[in-house]
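Have a look at the structure below before the remarks.
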Amino acid sequence: MKLTFYLFIFLVFYQGVVAQQNELKFHEAKAEYFYGTIIEHNPDIAHLITGHPSGLMLSYNRKPYGYNEWEGRYNYPDWGFTYIYQDLDNEFLGKVHGLYGHFNFYFWNRNFSIGVGQGVGYATNPYNPDTNFENNAYGSKFLSSTLLKFNYVKENLIDGLGVNVGMGVIHYSNANFKAPNNSTNTFYLSAGATYLFNEINYPDALVPVEWGSANYAERFKYNLVFRSGANEADVNGLGQYPFVTLSAFVDKRINYKSTFQLGADLFISRMIEELIKFRSVAFPSDGLEGGEDARRIGVFVGHELRFNRIAFVSQVGYYVYWPYEFENRIYNRLGLKRYFFNDNFFGSVTVKAHYAKAEAVEFSVGIRI
């Protein structure tokens, strides 16, 4: 999914800043080397797959032990920052530097972890119509990037030192903020080492959670959301235009982790207006007059996965009003939300897409009553 959550680091780690001062904090450093290949998810990037990308991941982790309730409910995941240097092994793609906020979730007696990271990449050689028109994957220097990794881990084997091996996927795109935007997905294998600071004081038994999850259930709540941003159609040089999305939905929180949603969206897109005008002139056989209605109305169902005041949002919708057939009638939305003031207000950064093809990054504010 083409994700660009520029505020991810602030949203995820704000809650750590406001933690009480008497919380013990344990830290871990990790270094990993990786080697892989670019997946041909789109035949338009076949000419860019000429070698084997490789690079280095450097990570900082906070190692929780259950001081905060949400940590125990998710089996004490690590959270922290990751820097990635990746050489795409292609002269047109160049190299990418990435900075991420991440979580590592543990299973099988903490011997297996699933890591999820979201951040921003900087491409050293993006598309340029004069000097690098071959790079149709990255339309801008700054890219959204998503990291998914699976590791077998052995921590604190000797005096805080540990090892890990694994595999994963690194995704780069700009979520249609600027064309072209065919993106890349790198599948890789990795190996590395970790070091846990102050390991002698890290607790052997993690703090259990005793308060029942169902005690967080709430009555139905009503939400109004204003979303906006800018995007560009898949026509090089057509230009970037603002959009506005108005959303209304009802939600029901059933326990600590899960909230379900049902609602509707009104989409107002200048990009689609300009695309209609362009196609009416450039492709008269399409039968467009140039003044067709670009607005869309959709209904959706959704889910929020809560991490204290942070929520991961996932929604699937269907256009009930779709006068211009842009992409397809089913759309989806993924992103992060941060609640404020007793959960009555929130801000979010989401990617709205049609299956795996992103339409826009949405910056949103909303009220929940």
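The values are calculated or read from the model by the stated rules, or taken from the named source; none is laboratory data. Since this is a predicted model, take the numbers as computed values, not measurements. Ideal geometry is used to build each Cβ from the backbone, glycine not excepted, and the neighbour counts take in all protein chains shown.
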key: Test result for V351, out of contact with any Cys (no Cβ under 6 Å at 6 or more places or on another chain), modelled with pLDDT of 95 or more, in a strand (DSSP E or B) and closer than 28 Å to A179 by Cα   = no
ask   = Is it the case that some residue within region 142-156 is free of Cβ contacts under 8 Å to residues at least 24 places away in the same chain and either part of a loop (DSSP other than H, G, I, E, B) or of a type outside the set (G, A, S) (or both)?
value = no
ask   = If you go through region 311-325 one residue at a time, do you hit one that is of a type outside the set (D, E), within 30 Å of Y74 (Cα to Cα) and free of Cβ contacts under 8 Å to residues at least 24 places away in the same chain?
value = yes
ask   = Would you pick out the residues in region 277-309 that are over 30 Å from F260 (Cα atoms), surrounded by 14 or more Cβ atoms within 10 Å (Cβ to Cβ) and not small (G, A, S)?
value = K277, F278, R279, L288, E292
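Is it fair to say A137 is touching a helix residue (DSSP H, G or I) at 6+ places or on another chain (Cβ under 8 Å) and over 21 Å from E199 (Cα atoms)?
Numbers: touching a helix residue (DSSP H, G or I) at 6+ places or on another chain (Cβ under 8 Å): yes; over 21 Å from E199 (Cα atoms): yes.
So A137 passes the test.
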key: Among (1) buried (at least 18 other Cβ atoms within 10 Å of the Cβ); (2) touching a His at 6+ places or on another chain (Cβ under 6 Å); (3) not in a strand (DSSP E or B), the one test that Y331 misses   = (3)
task = Search region 85-114 for residues being within 16 Å of the chain's Cα centre (by Cα) and among the aliphatic types (A, V, I, L, M), and hand back the single one that is nearest to G55 (Cα to Cα).
result = L99
task = Would you confirm whether any residue within region 302-324 is within 18 Å of A358 (Cβ to Cβ) and assigned to a helix (DSSP H, G or I)?
result = no
message = If I ask for residues that are among the basic types (K, R), at pLDDT below 95 and under 21 Å from S190 (Cβ atoms), which ones from region 90-143 would you list?
response = R110
inquiry  = Given the criteria in contact (Cβ under 8 Å) with a residue 40 or more places away in the chain, farther than 20 Å from A248 by Cα and either in contact with a Pro (Cβ under 8 Å, 6 or more places away or on another chain) or not assigned by TED's automatic domain parsing to the domain that holds G101 (or both), does F278 qualify?
reply    = yes
request  = Looking only at region 115-124, decide whether some residue is surrounded by fewer than 19 Cβ atoms within 10 Å (Cβ to Cβ), under 19 Å from the mean Cα position of the chain (by Cα), hydroxyl-bearing (S, T, Y) and closer than 20 Å to A179 by Cα.
outcome  = yes
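Quick grid of which residues meet (1) polar (S, T, N, Q); (2) under 14 Å from A175 (Cβ atoms):
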residue: R295; (1), (2): no, no
residue: R306; (1), (2): no, no
residue: A311; (1), (2): no, no
residue: Q315; (1), (2): yes, no
residue: V320; (1), (2): no, no
residue: Y324; (1), (2): no, no
residue: Y331; (1), (2): no, yes
residue: H354; (1), (2): no, yes
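For F283, indicate whether it is within 30 Å of A217 (Cβ to Cβ) and either more than 20 Å from the chain's Cα centre (by Cα) or modelled with pLDDT of 95 or more (or both). Please lay out each step first, then the result.
Details: within 30 Å of A217 (Cβ to Cβ): no; either more than 20 Å from the chain's Cα centre (by Cα) or modelled with pLDDT of 95 or more (or both): yes.
So F283 does not fit the description; no.
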inquiry  = Among (1) out of contact with any strand residue (DSSP E or B) (no Cβ under 6 Å at 6 or more places or on another chain); (2) at pLDDT 95 or above; (3) among the acidic types (D, E), there is one condition E325 misses while meeting the rest; what is its number?
reply    = (2)
task = Please state which one of E304, E292, E359 is in contact with a strand residue (DSSP E or B) (Cβ under 7 Å, 6 or more places away or on another chain), assigned by TED's automatic domain parsing to the domain that holds V235 and more than 26 Å from A137 (Cα to Cα).
result = E304
inquiry  = If the requirement is being touching a residue at least 40 places away in the same chain (Cβ under 8 Å), within 20 Å of F142 (Cβ to Cβ) and surrounded by 13 or more Cβ atoms within 10 Å (Cβ to Cβ), which of these qualifies: Y85, Y100, Y65, Y76?
reply    = Y100
query = On the given criteria, is S285 in contact with a strand residue (DSSP E or B) (Cβ under 9 Å, 6 or more places away or on another chain) and assigned by TED's automatic domain parsing to the domain that holds K352?
reply = no
